[in-house]
Amino acid sequence: MRAWLLKEQDKIENRPLELVKIPDPKPGRKDIIIEVKAVGICRTDLHVAEGDLPMHKSLLILGHEVAGIVREVGSEVGKFQIGDRVGIAWLNSTCGRCEFCLSGRENLCPKASFTGWDVDGGFAELAKISQEFAYALPDDIPFQECAPLMCPGIAGYRSYALTGVGEGMKLGLYGFGITGTYVIQIAQRLGVEVFVVTRSEMNKEEARRLGASWVGGYDDTFPVKLDAAIIFPAVGELVPIALKHIKAGGRLILAPVTMTPIVIEDFNLVWGEREIKSLAHITRGDGDGLIELAKQKRFETRVETFPFEDLLDAMIRVKRGEVNGNAVIIL
Ligand SMILES: [Zn+2]
Ligand SMILES: [Zn+2]
C-alpha cells in the first residue's frame with residue numbers, strides 16, 4: 001500500500017512526511033483492515049509531526065479521523081463484515097483491566113494507545129484496528145463528513161457531556177472552531193441555549209448561522225449568567241474571566257490538551273461550588289453517543305477536500321489556518 005510515513009519530526013514546511021510503498025497490514029485475529037476512503041487532518045497530527053508531542057513510534061503513519069470500508073477481517077471478527085462502513089478515532093486500545101477501564105473512564109487508562117501516535121493511523125491506503133475500537137458508520141453520511149465526526153465530532157460530544165447542562169440551560173463557548181460547531185449543534189438538539197465568544201468574524205457568522213443565542217468578541221460580556229462554559233483556546237487567562245460569568249454550582253470545562261498558566265487570585269471566583277474540569281481524550285461511549293445523534297439528524301460540517309498526494313500541502317494550509325472548516329484527504 002501507499003502510506004505517508006513520518007521518519008523524523010520537523011516543521012511541516014520541511015515536509016517531514018514521505019509517501020512510500022510499504023507492505024499491506026495483516027489483521028490479527030480480532031482486527032479489521034480498512035480501505036481508507038477519507039481521513040481528516042487534525043492539529044494533533046501537526047503536533048506529532050513537528051515535535052510538540054514526543055515521538056512514540058518511529059516510521060509512523062499519522063491520521064486519526066478515518067472513514068472507510070472493511071477490506072479484510074481477522075479469524076475471530078464477528079462485529080464487522082467485508083464491505084461495512086467503519087471509522088477509526090483517536091482512542092485505539094485500552095488495557096480493559098485497570099480501575100479506569102472498569103469504571104467507564106477508559107479515556108484515563110494509563111495503558112491506552114492512540115491512533116496516529118502510538119500506532120499507525122490513516123494517512124495510508126489501508127489501516128488496521130481491533131474490531132472493539134472501530135465504529136460502524138451510518139450509511140447515509142458521506143465518508144468526507146464521517147471523517148471529522150471521528151475527532152472534532154467526538155471531542156465536541158465529550159466536552160458538551162462534561163458540562164452537565166440540560167434542557168433550558170445556558171452554555172457559553174470560548175472559541176468557536178470545528179469542535180464548537182458540533183457542540184452547538186448537539187446543544188441545540190437538546191434544548192440548550194448557546195452563547196459564543198470568538199475573535200474571527202467568519203466564526204462569529206458561523207455561530208449565528210448555527211443558532212447561537214448571542215455572539216460576541218473576547219472583550220464583550222456575556223448578557224446572561226451561564227450554567228456552564230467550555231474554553232477551547234489554550235489560554236489560561238480565560239479561566240478567571242470565564243468563572244466570572246458562571247452561576248454558582250456551574251462548571252467550566254477546559255478542552256485543550258495544554259494551557260498557558262492559570263491564575264485564580266480571588267477565591268470568590270470558585271466559591272459557590274463552581275467546578276473546573278479538564279477534558280482528556282475520549283471513550284468509545286462518546287463515539288457511540290455522537291454517531292447516534294448523527295444518525296438522528298446529520299450534522300452540518302464544512303469540509304475542504306484534498307487528494308491523498310497533496311497531504312503535506314494540506315497540512316501546511318491547516319497550520320496556517322487557511323482551511324475553511326475540516327481538511328479531509330480523499331482516497
Ligand atoms: Zn484530532
Ligand atoms: Zn485501562
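Filtering segment 17-49 to residues that are part of a helix (DSSP H, G or I) and open to solvent by less than 30 Å² (accessible area, probe 1.4 Å) leaves Asp45, Leu46, Val48, Ala49. For segment 124-162, filtered to residues that are farther than 18 Å from Ile32 by Cβ and of a type in the set (Phe, Trp, Tyr), the residue that is surrounded by the most Cβ atoms within 10 Å (Cβ to Cβ) is Tyr160. Of the helices (runs of 4 or more DSSP H) lying entirely inside segment 160-264, those containing at least 2 residues that are over 20 Å from Glu275 (Cβ atoms) and not aromatic (Phe, Trp, Tyr) span 178-189, 201-209. Scanning segment 182-194 for residues that are open to solvent by 10 Å² or more (accessible area, probe 1.4 Å) and either of a type in the set (A, V, I, L, M, F, W, C) or touching a Ser or Thr at 6+ places or on another chain (Cβ under 8 Å) (or both) yields a total of 2. The single condition among (1) of a type outside the set (D, E, K, R); (2) open to solvent by 50 Å² or more (accessible area, probe 1.4 Å); (3) without any contact (Cβ under 8 Å) to a residue 40 or more places away in the chain that Cys109 does not satisfy is (2).
Do we find that Ile82 is open to solvent by 20 Å² or more (accessible area, probe 1.4 Å) and in a loop (DSSP other than H, G, I, E, B) in this structure?
yes
Evaluating Met202 against the criteria (1) modelled with pLDDT of 95 or more; (2) open to solvent by 30 Å² or more (accessible area, probe 1.4 Å) leaves one unmet condition, (1).
The values are calculated or read from the model by the stated rules, or taken from the named source; none is laboratory data. A quick note: this is a predicted structure, and the numbers were derived from the prediction, not measured. Glycine gets a Cβ as well: all are built from the backbone with ideal geometry, and neighbour counts include every protein chain shown. Surface accessibility is based on the protein's heavy atoms, side chains included, excluding ligands, DNA and RNA. Shrake-Rupley method; radii C 1.70, N 1.55, O 1.52, S 1.80 Å.
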